[in-house]
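Trainee: After the structure tokens below, expect a handful of questions from me.
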């Protein structure tokens with residue numbers, strides 16, 4: 001039921017028209033921004049989880 | 001490039017982030033987040049808000065990962081159905097490997113963070129729920145048996161159980177009942193949809209109940225499940241797990257559900273039928289679950305505040 005992965009080929013930038021090239025870069029920029037946002041959010045979340053866990057340990061010890 | 005068809009070799013531009021987001025089935029995720037949150041809020045213990053947020057995030061991301069794996073596996077089937085043909089894979093906007101890897105990354109990441117941040121029992125159930133949906137339902141049962149929806153309904157029933165276990169760290173009768181409610185709710189909900197999109201499922205050879213057993217049998221089974229659902233939703237009240245706020249809500253909502261299901265279950269249709277009772281039941285079933293689980297969480301608040 002899966003698609004054949006071989007029917008998709010990674011485009012070579014030199015084979016793209018200007019419009020395609022612009023679209024290619026715009027999509028890459030969009031993906032990079034979202035990925036950056038996700039990774040930044042995860043860093044904040046892991047920090048917050050660590051603080052909560054450490055605080056719980058300290059309170060439990062006292 | 002957007003109109004590229006999957007039947008011919010395609011030079012694919014990188015998929016947009018929106019296409020990756022679409023792989024997670026955001027609409028389904030809304031119900032997953034809501035039922036998971038209600039399970040978490042209804043649990044008889046407290047949890048730090050950061051840990052609660054982490055648990056809900058992991059439930060949502062895990063469901064998204066399982067949905068992405070489902071779309072990866074069923075891309076060819078989706079291409080043959082009007083409702084799903086515009087999804088990122090069948091429409092050729094994304095290559096299958098990216099979808100598969102995305103699904104695996106979300107699934108593994110959500111289980112890992114749930115284990116490290118919340119507790120490993122919740123992580124274990126989350127991992128099993130992803131396996132259940134991506135393998136047991138998608139790969140194994142859906143193409144093989146018209147009972148696919150009944151057993152596959154278990155996949156959607158895990159969120160409130162996981163939400164509860166994230167708080168308490170153990171499994172008792174109450175979270176199992178929450179699981180049972182969604183398990184029993186899924187067949188009438190999905191078969192109502194399958195009745196008015198049955199030509200699509202027949203076209204791609206998925207053995208949905210209306211295709212295999214016929215409309216009459218499906219209608220009867222919708223009614224049977226709706227009737228069985230009522231005592232299951234009342235069970236949390238009977239065992240003292242909730243108060244009357246939830247109990248009366250479940251009774252009223254359930255009676256309406258049975259009435260709408262009876263309209264579907266006891267009628268015959270002609271060739272040009274608009275299927276209005278089926279569409280009404282499908283719409284109500286979504287509202288029903290939202291309100292029922294909302295009242296479950298509200299019932300807990302009412303108990304804590306001493307209103308009941």
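The values are calculated or read from the model by the stated rules, or taken from the named source; none is laboratory data. Everything quoted here is computed from the prediction, not taken from an experiment. In this analysis, Cβ positions are derived from the backbone assuming ideal geometry, glycine residues included, and neighbour counts consider all displayed protein chains.
Trainee: Would you mention how many residues in region B:53-64 are touching a helix residue (DSSP H, G or I) at 6+ places or on another chain (Cβ under 6 Å) and either within 14 Å of chain A (Cβ to nearest Cβ) or surrounded by fewer than 21 Cβ atoms within 10 Å (Cβ to Cβ) (or both)?
Mentor: Qualifying residue count for the region: 7.
Trainee: I would also like to ask the following. When both residues are 6+ apart or on different chains and their Cβ atoms are under 6 Å apart, which pairs have a first residue that lies in region A:50-61 and is within 13 Å of chain B (Cβ to nearest Cβ) and closer than 12 Å to residue B:51 by Cβ, and a second that is at pLDDT 90 or above and not in a helix (DSSP H, G or I)?
Mentor: The qualifying pairs are A:52/B:48.
Trainee: If residue A:57 satisfies all but one of (1) surrounded by 13 or more Cβ atoms within 10 Å (Cβ to Cβ); (2) at pLDDT 85 or above; (3) farther than 30 Å from residue B:80 by Cβ, what's the number of the condition it fails?
Mentor: Unmet condition: (1).
Trainee: Let me ask you something else. For region B:214-230, which positions are over 19 Å from residue B:177 (Cβ atoms), surrounded by fewer than 17 Cβ atoms within 10 Å (Cβ to Cβ) and within 21 Å of the chain's Cα centre (by Cα)?
Mentor: Scanning region B:214-230 gives a single hit, B:224.
Trainee: Scan region B:198-213 for residues that are more than 18 Å from the chain's Cα centre (by Cα) and outside any helix (DSSP H, G or I) and jot them down.
Mentor: Listed by number, the residues that qualify are B:204, B:205, B:206, B:207, B:213.
Trainee: Another question, if that's okay. Find the residue count for region B:249-267, including only residues that are farther than 18 Å from residue B:218 by Cβ, in contact (Cβ under 8 Å) with a residue 24 or more places away in the chain and surrounded by fewer than 22 Cβ atoms within 10 Å (Cβ to Cβ).
Mentor: Residues meeting the conditions: 5.
Trainee: In region B:27-36, which residue that is surrounded by fewer than 22 Cβ atoms within 10 Å (Cβ to Cβ) and in contact with a helix residue (DSSP H, G or I) (Cβ under 8 Å, 6 or more places away or on another chain) is farthest from the other protein chains (Cβ to nearest Cβ)?
Mentor: Residue satisfying both the conditions and the ranking: B:31.
Trainee: Moving on to the next point. Among B:260, B:234, B:253, B:193, which is in contact with a helix residue (DSSP H, G or I) (Cβ under 6 Å, 6 or more places away or on another chain), closer than 28 Å to residue B:138 by Cα and part of a helix (DSSP H, G or I)?
Mentor: Matching residue, one of B:260, B:234, B:253, B:193: B:193.
Trainee: Looking at region B:93-105 only, could you name the residues that are more than 8 Å from chain A (Cβ to nearest Cβ) and out of contact with any helix residue (DSSP H, G or I) (no Cβ under 6 Å at 6 or more places or on another chain)?
Mentor: B:98, B:101, B:104, B:105
Trainee: State which residue is farthest from the other protein chains (Cβ to nearest Cβ) when the search covers only region B:75-92 and only residues that are part of a helix (DSSP H, G or I) and buried (at least 22 other Cβ atoms within 10 Å of the Cβ).
Mentor: Once the filter is applied, the top-ranked residue is B:78.
Trainee: State whether the residues of region B:106-128 include one that is in contact (Cβ under 8 Å) with a residue 24 or more places away in the chain, within 30 Å of residue A:24 (Cβ to Cβ), out of contact with any helix residue (DSSP H, G or I) (no Cβ under 7 Å at 6 or more places or on another chain) and crowded, with 22+ Cβ neighbours inside 10 Å.
Mentor: no
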